[in-house]
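What follows is one structure encoded as C-alpha cells, with my remarks underneath.
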Amino acid sequence: MTDIHRILLAPTAETGEFIAAVYNFDETRVLDVAASCGARGRAGGKQSPSQG
C-alpha cells in the first residue's frame, strides 16, 4: 500500500479545525486560498446552454 500524506489547505485556522473535525488529514496548513475558472467557465472550454 502506498503511503499518503494528506494536507488540508485552509484559509483560516477556524475553517481548518472545522473541516479536520469531519475529514482526516495528516497536516493542516493555513494560507491564502484562491480559485478561478477557465476562460469559458468549464473544463474543456464547453458551455452549458444555461451559460449563454
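Residues of the chain that are modelled with pLDDT under 95 and in a helix (DSSP H, G or I): A43, G44, G45, P49, S50, Q51.
Which residues, counting only those in segment 9-40, are aliphatic (A, V, I, L, M) and out of contact with any helix residue (DSSP H, G or I) (no Cβ under 6 Å at 6 or more places or on another chain)? Please lay out each step first, then the result.
We begin by selecting, within segment 9-40, every residue aliphatic (A, V, I, L, M); these are 9-10, 13, 19-22, 30-31, 33-35, 39.
Matches in segment 9-40: L9, A13, I19, A20, A21, V22, L31, V33, A34, A35, A39.
The values are calculated or read from the model by the stated rules, or taken from the named source; none is laboratory data. Worth saying up front: this structure is predicted, and the values here are computed from it rather than measured. No Cβ is skipped: glycine too gets one built from the backbone with ideal geometry, and neighbour counts run over all protein chains shown.
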